[in-house]
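Each remark here refers to the structure printed beneath this line.
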Amino acid sequence: MGLLDSVIGSVLAGQNQQGGGLGNVLGGLLGGQQAPQQQGPGGLNMGLVAALAPVLMGMLANNSQHGGLGGLLDQFTRAGAGDAAQSWVGTGANQPVSPEVVTQALGPNVIGDIAAKLGVGHADAAGGIAQILPELIDKLTPHGQAPQGGLGSEGDIVGMLGKMLGR
């Protein structure tokens, strides 16, 4: 089981315990405080990764201000990282992006809002997104293409990930 599988499993378990939406999951994960500093593979802050998962799922939802999966892919294309973004959807290896590219694609204000919500610095938020977004999009597009009509609502995304993890 990979890093993202473990994080998503925790998010799904937290949602089942709390009975709420992704916002409640995020609140439960953070406990209203800063993300815990437990380190995972590659020095990743596991609390930050776990907190970012539901935020990113919300951004990938069709009704998000970012335009869902298609909108996010377009933002990365406009930032010069279109090949990397397409690799996340495709069946090959995921190309990495830097925190700077994430900031350019999503905009410094969006990264700042996410950082403030999570109680972390701008660089930590952008770095966490750079680590988890490629793998999350890869998991949500297992057949190498974006689904027609997008990924659906936040609940649909959580349901898809739950099915993939057998929950």
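What follows is calculated from the coordinates using simple rules that are stated; it is not laboratory data. Everything numeric here is computed off the predicted structure, so don't read it as measured data. Here the Cβ is made from the backbone with ideal geometry for all residues, glycine too, and neighbour counts use every protein chain on show.
Shown in residue order for the range 71-87 are the 3J(HN,Hα) couplings computed by the Karplus curve 6.51 cos²θ - 1.76 cosθ + 1.60 at θ = phi - 60°: x, 5, 4, 4, 4, 5, 4, 5, 7, x, 10, x, 5, 4, 4, 5, 5 Hz (x for Gly and Pro).
For the range 88-96, the Karplus equation 6.51 cos²θ - 1.76 cosθ + 1.60, evaluated at θ = phi - 60°, returns couplings of 5, 7, x, 8, x, 5, 7, 7, x Hz by residue, with Gly and Pro reported as x.
Sorting the segments 107-120, 68-81 by their residues' average number of neighbouring beta-carbon atoms within 10 angstrom, most packed first, yields 68-81, 107-120. Counted by Cβ distance under 14 Å from Gly92, the other residues give a net charge of -3, where Lys and Arg count +1 and Asp and Glu count -1. Couplings 3J(HN,Hα) of the range 125-132, computed from phi: 5, 5, x, x, 4, 4, 7, 9 Hz, in residue order, whole Hz [Karplus 6.51 cos²θ - 1.76 cosθ + 1.60, θ = phi - 60°; x for Gly and Pro].
Here's how it looks for Asn62: its modeled amide H is under 5 Å from those of Leu151, Gly152, Ser153, which are all 5 or more places away or on a different chain.
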